Amino acid sequence: MKKKISICKWMLIAALAVLLGTAGAKNVSAAAKLNCYEGQMYEGKTATLRVTGGTVKSWKSTNTSIATVNSKGVVTAKKKGSCKVYATLTNGQKLICVVNVRSTTYSAYLKNSYAVVMLNILGAVESGGQVYGKRNYAAFAGPGASSPNEYSSTAGAFQEYGENLRQLLLRIQKEYPRHFKQYDTANIANDIKRVWSDSNPYRVYAGTAKAKAIQNIISKKSGARYIQNLRAVELTDTYLKHIRSLGVTNVRAALFMAECEHLGGAKAVERVVRRATNKNDILALWKSLILDQKDTSNSYQIGDKIYQSRHLLCYKWIVQNIPATAKLKK
């Protein structure tokens, strides 16, 4: 039997290394209160909602396929999605709890343990000082900090750039509205209303009021850090979908190319895979990657020397943590 937990407590999700809450809330009565806080639940988990300052007449879920609630306020997470749970009081008032249910499977292409390896790698090379498993959720860089081709700002443990950063902020605003509002001291809510493309970049520099507000929004609460981790897995899946379409099915090879795509984009990865003598062998891909150094017309190709130490670390960590025969999920 699954153990019931209080919805106001935080859960430790070891695979993502982040403390998580259990549900998001909105209280509509000043007198009565519902012990429901911003956060998430996981599929199969239960949590108990309680009301103080009033008497509950009935409980109701707006979507029982996502989460159910019984007469005692026990919520059971069924499948990934979002719904509302209403507590109707005897005086007619309604208290609302927003329940966000998360899947226990992080990646469509990787076992959970392999997805965590990828998080540890990306976090290390993007913000963690090249220390495996370390990441800086409050990292921030202004335009052009890493390359003259970067026109917008970059932030977070996995260095989300431009429009990706805007999408991260929008997601936190949607799932943690009170948290977002609390730390938005520079009107970031207005900034994220427009698209941050290279033709219309978001040029904010480190140390400014807007930069500090963004850093606080994306890192001050464990839920926001969780969203960074989740987005990193989702972004990796987009890379793996593309890489798999190129015929790469070995996990070592695919993760190595995913790190390259995160750095240099899809076209660069296509170039490397096309040149490799064996697209499912990580060593063959490495040899193809460094051929970029023979092209002196551009010193910022993903295989150039400026990125070589990064790629070597990723190569080492992948080989150390992923079995040679591991295959992507079908």
Dividing the surface of the Cα convex hull of the stretch 184-330 by four yields a projected area in nm² of 11.2 nm²
Extending each Cα 7 Å along its Cβ direction at Ser71 and Asn149, get the distance between those two points in nm, one decimal.
6.4 nm
Can you tell me the orientation of helix 308-321 relative to the chain, as the angle in degrees between its alpha-carbon axis and the longest Cα principal axis, to the nearest 10?
60 degrees
Quick calc of log₁₀ I(q)/I(0), the stretch 96-190, Debye, one scatterer on every Cα, no solvent, q values 0.12, 0.14, 0.19, 0.21 1/Å, result -0.51, -0.69, -1.11, -1.20
Report relative contact order for the stretch 79-126 in percent, whole number only (criteria: Cα-Cα under 8 Å, sequence separation at least 6).
29 percent
Of Leu285, Ser147, Leu122, which is farthest towards the positive pole of the chain's charge dipole, taken about the Cα centre with +1 and -1 on the beta-carbons of Lys, Arg and Asp, Glu respectively?
Leu122
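So what is the relative contact order of the stretch 171-233, in percent, for Cα pairs below 8 Å that sit 6 or more residues apart?
Once normalised by length, the contact order is 40 percent.
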Degrees, to the nearest 10: 209-219 long Cα axis against longest axis of the chain
70 degrees
Extension gain (nm, one decimal) between Ser113 and Leu291, 0.36 nm per residue minus Cα-Cα:
60.9 nm
For the stretch 71-220, give the magnitude of the charge dipole about the Cα centre (Cβ charges: +1 Lys/Arg, -1 Asp/Glu; no others), in debye to the nearest 20.
820 debye
Could you rank the peptides 145-152, 113-120, 131-138 by their average count of other C-beta atoms within 10 Å per residue, with the highest value first?
113-120, 131-138, 145-152
Sorted by accessible area (1.4 Å probe), largest first, how do Trp317, Trp286 line up?
Trp286, Trp317
Expressed as a percent, the accessible surface of the chain that is carbon or sulfur, using a 1.4 Å probe and the full set of protein chains, is 51 percent
Protection proxy ranking of 218-226, 236-244, 291-299 - average other beta-carbon atoms within 10 Å, highest first
218-226, 236-244, 291-299
Cα-projected label distance for Ser309 with Arg274, points at 7 Å along beta-carbon direction, nm
3.2 nm
Can you grab the distance from the C-alpha centre of the stretch 186-229 to the C-alpha centre of the stretch 110-132, Å, no decimals?
22 Å
Can you give the helix-only mean residue ellipticity at 222 nm for the chain, where every DSSP H stretch with n ≥ 4 adds -39500 (n - 2.57) and the sum goes over all residues, rounded to the nearest 500 deg cm²/dmol?
-11500 deg cm²/dmol
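Checking a compactness column here: for the stretch 128-261, what do you get for Rg(Cα) / (2.2 N^0.38 Å), N being the number of residues? Don't skip to the end; give the middle numbers.
Numbers: Rg = 15.4 Å, N = 134, 2.2 N^0.38 = 14.1 Å.
Taking N as the residue count of the stretch 128-261, the ratio is 1.09.
Return a whole-number percent for the relative contact order of the chain, with Cα pairs under 8 Å and 6 or more residues apart as the contact set.
Details: 633 pairs, mean separation 42.5, N = 330.
Relative contact order of the chain: 13 percent.
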Among Leu110, Leu263, Thr90, whose Cα lies farthest out toward the positive end of the dipole of the chain, if unit charges sit on the beta carbon of Lys, Arg (+1) and Asp, Glu (-1)?
Thr90
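Given the Cα-Cα distance of Gln93 and Lys134 and 0.36 nm per residue of separation, how much length would full extension add, in nm? Write down the numbers at each step before the final one.
Working: separation 41, 0.36 × 41 = 14.76 nm, distance 4.68 nm.
Extra length from Gln93 to Lys134 when fully extended: 10.1 nm.
Take the Cα gyration tensor of the stretch 226-281, multiply each eigenvalue by 5, square-root it, and list the three semi-axes largest first, rounded to whole angstrom.
Working: eigenvalues 86, 25, 14 Å².
Rounded to whole Å, the semi-axes are 21, 11, 8.
As a quick test, which of the pairs Lys80/Lys267; Lys267/Lys330; Lys45/Lys80; Lys193/Lys241; Lys174/Lys329; Lys45/Lys79 have an alpha carbon distance above 22 angstrom in this structure? Walk me through the intermediate numbers first.
Details: Lys80/Lys267 33 Å; Lys267/Lys330 24 Å; Lys45/Lys80 12 Å; Lys193/Lys241 29 Å; Lys174/Lys329 31 Å; Lys45/Lys79 10 Å.
From the list (Lys80/Lys267; Lys267/Lys330; Lys45/Lys80; Lys193/Lys241; Lys174/Lys329; Lys45/Lys79), the Cα-Cα distance tops 22 Å for Lys80/Lys267; Lys267/Lys330; Lys193/Lys241; Lys174/Lys329.
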Accessible area (Å², per residue) of the chain, counting only protein heavy atoms and a probe of 1.4 Å:
47 Å²
Nearest 20 debye, what's the magnitude of the dipole of the chain about its Cα centre given +1 on Lys and Arg Cβ and -1 on Asp and Glu Cβ?
1460 debye
Calculate log10 I(q)/I(0) of the stretch 134-182 for q = 0.21 Å⁻¹, where I(q) comes from the Debye formula with a single equal point scatterer on each Cα and nothing for solvent.
-0.75
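The values are calculated or read from the model by the stated rules, or taken from the named source; none is laboratory data. Every value quoted in this text rests on a predicted model; they were computed, and no experiment measured them. Because the Cβ atoms are built from the backbone with ideal geometry, glycine has one as well, and the counts that use them run over all protein chains shown. Each accessible area value is taken on the protein alone, full model and side chains, heavy atoms only, with ligands, DNA and RNA left out. Shrake-Rupley method; radii C 1.70, N 1.55, O 1.52, S 1.80 Å.
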